[in-house]
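Reviewing the structure listed below.
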Amino acid sequence: MKVCIAEKPSVAREIASILGANTKRDGYYEGNGYVVTYTFGHLCTLKEPVDYKPYWKSWDLNNLPMLPEKFETKVVSNSGIQKQFKIVNELFEKAEVVINCGDAGQEGELIQRWVINEAKYKGPVQRLWISSLTTEAIKEGFQNLKPSTNYDNLYYAAFSRAIGDWLLGINATRLYTVKHGGYKQVLSVGRVQTPTLAMVVERFKTIENFKPQPYWELQTLYRNILFSYEDGRFLKKEDGETLANNVKESEFEIESITKKKGKEYAPKLFDLTGLQVYCNTKFGFSADETLKIAQALYERKMVTYPRVDTTFLPNDIYSKVYGILKKLTNYSGVTKPLLLGKKIKKSSKVFNDKKVTDHHAIMPTGIETSLPSSQQQVYDIIVKRFIAVFYDDSVVANTTVIGKAGNVLFKAIGKEILDKGWRIVFENSSKSDKESGVLPTFEKGEKGPHKPSFLEKKTKPPNQFTEASLLRAMETAGKQVDDDELRDLMKENGIGRPSTRANIIETLFKRKYIKRNKKQVLPTDTGIQLIDTIQNDFLKSAELTGSWEKQLKDIEKGDYSAGAFIKNMKRMVDALVYEVRSEKKRANISYTESIQNKKSIVKKTFNGVVSRPCPKCNTGKLLKGKTAYGCSAFKKTCDFILPFKFMNKKISDNQFVRLLDKGSTVNLKGFKTGSEAIEGVLCLDSGFKLKIQPKSAEGKPNSKNLICPKCKKGIVLKGKSAYGCSDYKSGCDFKVDFDSIRNKINGKKPTKELVYRILNEST
């Protein structure tokens, strides 16, 4: 029988229905000579350190570096996954051929190869390689199955990536955690996540350290168009003031109008990063949200495979374009001119076999259905980009208008749209998408009043990263590239893969190395400390990490050896361990909630009793004496003390700390009064003297309800403006308003115990 193995149950179900394998079994489908089974993502994983050597379980600098001679895999230790692997293994034993139906990409190849290898299957393997899950695509894929060996280099690249991440991630994380981590603080370091974090930290510091420089701009408003002084800005105020004064006295006159006709091409089709950038900018979706939406659309058969890094289509797709456009009935208003007109346009800016490797750009399949709003937004822009590339180019006139006032020349630059072309497709977009910079018609020699301005401005730092700009920075290894063509050239050296970049960013959020401030992505205090602590450049360098990505791409192409890549990684990890172990200083990094609150956290956090503010006077600080802690103003105005011994029992510093922080100690035993031993909690009375509340006392701090201290029958209840007794209908008039309680709290921490004590003393 033929055994097909897909990456998830939903895909297996789809393939099974097309192959006629309609009988549902436990963990697979069967019928028509086929068995279709599945994984749940990764059934297998690389072995952990302890699987190689038992003593590698310990996080000890002496165990580093951990460099296994040969990397091996194992089944993930999850009962459900192990059950499914057992089913797959038994099916492989009966198979005449296995058909790998995993996602057509590096990760999909790795997932299924590990399962096939772990099951020790030695028979023939074929590969289903498709870019969409439509019935047509699946049938076509099964008619053109490829030998699995065609994709060996893809597997070697994926395996090398996993090994590289293991070598660097596990060794560096243990290394920095043991060397520089604070109490229970794991310092996660990774091949891609650390240079990504370094870019965020570097941008943040650049902005923090930026010193704005003043400059002056001479501008004037004529016919609601802002004209700027032709020679640019002034660095000295006095240089522009004279010109500004001359301008005020004169009318504005148009000197010349220069128009240059040109074409503007339709926006490129989306790769995954481009889609994530667009959706973050326009809709505020995170990179991870966009990826999940695109994956959902793919599984609904509405778009092609989304985890791609090209904006081009192969030439063989062109013959299918007419059929896809015809099926997009919800967009008939903009597809009709293409379908009824001349032959559909074919441009090398869209179709280029040399720019396509495993997969082509994201495009619609022609299948339509109702969608949730977020999925509809993403689907809509994918479809419109696809339709737009088959429209004619937009024709524009780029216009430069020169005007003068008092012999001072001004310039305005804009454009006039002569032929909308592809712009028609996007005309129903939101206002924010409408064209800007379009100039009205001017005539040479025309004159009129104007409103000049001479304003002081300041240079601005670069913007903080958003997820959109961070994705672009990852794509180009930190280099600022705005041009689409140049960006394509840089992609080979980007950090991470399109399919993993969103997950890298989410991982940094989860580990509290970065945080969101509206759309901004900012480093946390821990993130800054970690990057400051890492002295080794290769861990932080986006360009160097980009060069590793290039090597992995070369492995995929067959131009570089997987063995050489792993050998180099081992050598670098070995050198890193030696370098960090030799460092003299220890950073002792612990997580802090935020950069902004760092100072306030330091001020409010105390390790012991000494130096805390006195709870009585709030001006002095607590000092340690021979028999007690006392206020620094003890000899002047404050008599507050905390004796080391109370009622013949020694009180620990930890209990005093709890008393000062929470208003009472925990229940303590061993107090003596005469011959009687008692237990209870220590607290401060209204005069800030130490006292004990015996365990049996009414209204004890840890009691759920406080008995009314006046009638001793009702329970104290909290109202809108005061505390009162539940037996008020029976005549108890106990009442303490909130203002009275606030006055008695007098700056101390308002704990429940403290409020109960004040209420008890208010009778």
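What to note about this one:
- Ranking of Phe565, Phe688 by solvent-accessible surface, largest first: Phe688, Phe565 (1.4 Å probe, protein heavy atoms only, all chains present).
- Listed residues Tyr629, Leu418, Tyr222: farthest to the positive end of the dipole of the chain (Cβ charges): Tyr629
- Listed values (1) 53, 35, 29; (2) 61, 31, 25; (3) 59, 45, 29, entry calculated as semi-axes √(5λ) of the Cα gyration tensor in Å: (3)
- Accessible surface, the range 325-381, averaged per residue in Å² (probe 1.4 Å): 56
- Anisotropy class of the range 195-322 from Cα gyration tensor, a/c 1.5 cut: oblate
- Taking the charge dipole of the chain about its Cα centre, with +1 at Lys and Arg Cβ atoms and -1 at Asp and Glu Cβ atoms, the residue from Thr357, Ala244, Tyr34 reaching farthest to the positive side is Ala244.
- In this Cβ point-charge picture (+1 for Lys and Arg, -1 for Asp and Glu), the chain has a dipole of about 3760 debye about its Cα centre.
- A Cβ-based charge dipole, computed about the Cα centre of the range 21-104 with Lys and Arg at +1 and Asp and Glu at -1, lands at about 180 debye.
- Computed from Cα atoms, the angle from the helix 79-94 axis to the main principal axis of the chain rounds to 30 degrees.
- Environment charge at Ser373 (Cβ cut-off 14 Å; Lys +1, Arg +1, Asp -1, Glu -1): -1
- FRET E, pair Thr627, Thr242, Förster distance 60 Å, beta-carbon r, rounded to 0.05: 0.15
- One chain, two ends: Tyr322 and Ser721. Fully extended at 0.36 nm per residue, the span grows by 136.4 nm beyond their Cα-Cα distance.
- Relative to the longest principal axis of the Cα atoms of the chain, the long axis of helix 653-662 makes an angle of roughly 70 degrees.
- Nearest-10 value in Å² for the accessible area of Leu243, using the 1.4 Å probe: 40
- Solvent-accessible area of Phe234 with every protein chain in place, 1.4 Å probe, in Å² to the nearest 10: 20
- Those residues of the range 330-360 whose amide nitrogen sits under 18 Å from the label point placed on Asn144, 7 Å along Cα→Cβ: 351-360
- In Å², nearest 10: area of Lys744 left accessible to a 1.4 Å probe: 110
- Spatial separation of Cα centroids for the range 611-673 and the range 146-189, in angstrom: 52
- Relative contact order (%) - criterion: Cα under 8 Å, at least six apart; region: the chain: 12
- In terms of accessible area, using a 1.4 Å probe and ignoring ligands and nucleic acids, Lys327, Lys94, Lys553 rank largest first as Lys94, Lys327, Lys553.
- Environment charge at Arg127 (Cβ cut-off 10 Å; Lys +1, Arg +1, Asp -1, Glu -1): 0
- Per residue accessible area in Å² of the range 497-585, where ligands, DNA and RNA are left out and the probe is 1.4 Å: 48
- Carbon-plus-sulfur accessible fraction, the chain (probe radius 1.4 Å, protein heavy atoms only): 49%.
- No Cys partner within the rule (Cβ under 4.7 Å), the chain: Cys4, Cys44, Cys101, Cys279, Cys683
- Total formal charge among the other residues, if their Cβ is under 10 angstrom from that of Tyr723, Lys/Arg +1 and Asp/Glu -1: +1
- For the chain, the longest principal axis of the alpha carbon atoms and the long axis of helix 498-510 meet at an angle near 10°.
- The order of the peptides 154-161, 24-31 by mean Cβ neighbours within 10 Å, most packed first, is 154-161, 24-31.
- Above-threshold pairs, the threshold being 21 Å between Cα atoms, out of Lys211/Lys451; Lys626/Lys689; Lys205/Lys512; Lys346/Lys553: Lys211/Lys451; Lys346/Lys553
- Cα centroid of the range 1-22 to Cα centroid of the range 523-596, whole Å: 41
- Of the residues Cys683, Cys617, the one with the largest accessible area comes first in the ranking Cys617, Cys683, computed with a 1.4 Å probe on protein heavy atoms.
- Cross-link pairs Lys83/Lys122; Lys184/Lys624; Lys355/Lys570; Lys645/Lys710 - those with Cα-Cα distance over 27 Å: Lys184/Lys624; Lys355/Lys570; Lys645/Lys710
- As a calculated quantity, the FRET efficiency between Lys457 and Leu61 at R0 = 45 Å, using C-beta atoms, amounts to about 0.25.
- Accessible surface computed residue by residue for the range 179-220, with neighbouring protein chains in place and a 1.4 Å probe, gives 43 Å² per residue.
The values are calculated or read from the model by the stated rules, or taken from the named source; none is laboratory data. Every value quoted in this text rests on a predicted model; they were computed, and no experiment measured them. Neighbour counts run over all protein chains shown; Cβ positions are idealised from the backbone, glycine included. We work out accessible area using only protein heavy atoms, side chains counted, and drop any ligands, DNA or RNA first. Shrake-Rupley method; radii C 1.70, N 1.55, O 1.52, S 1.80 Å.
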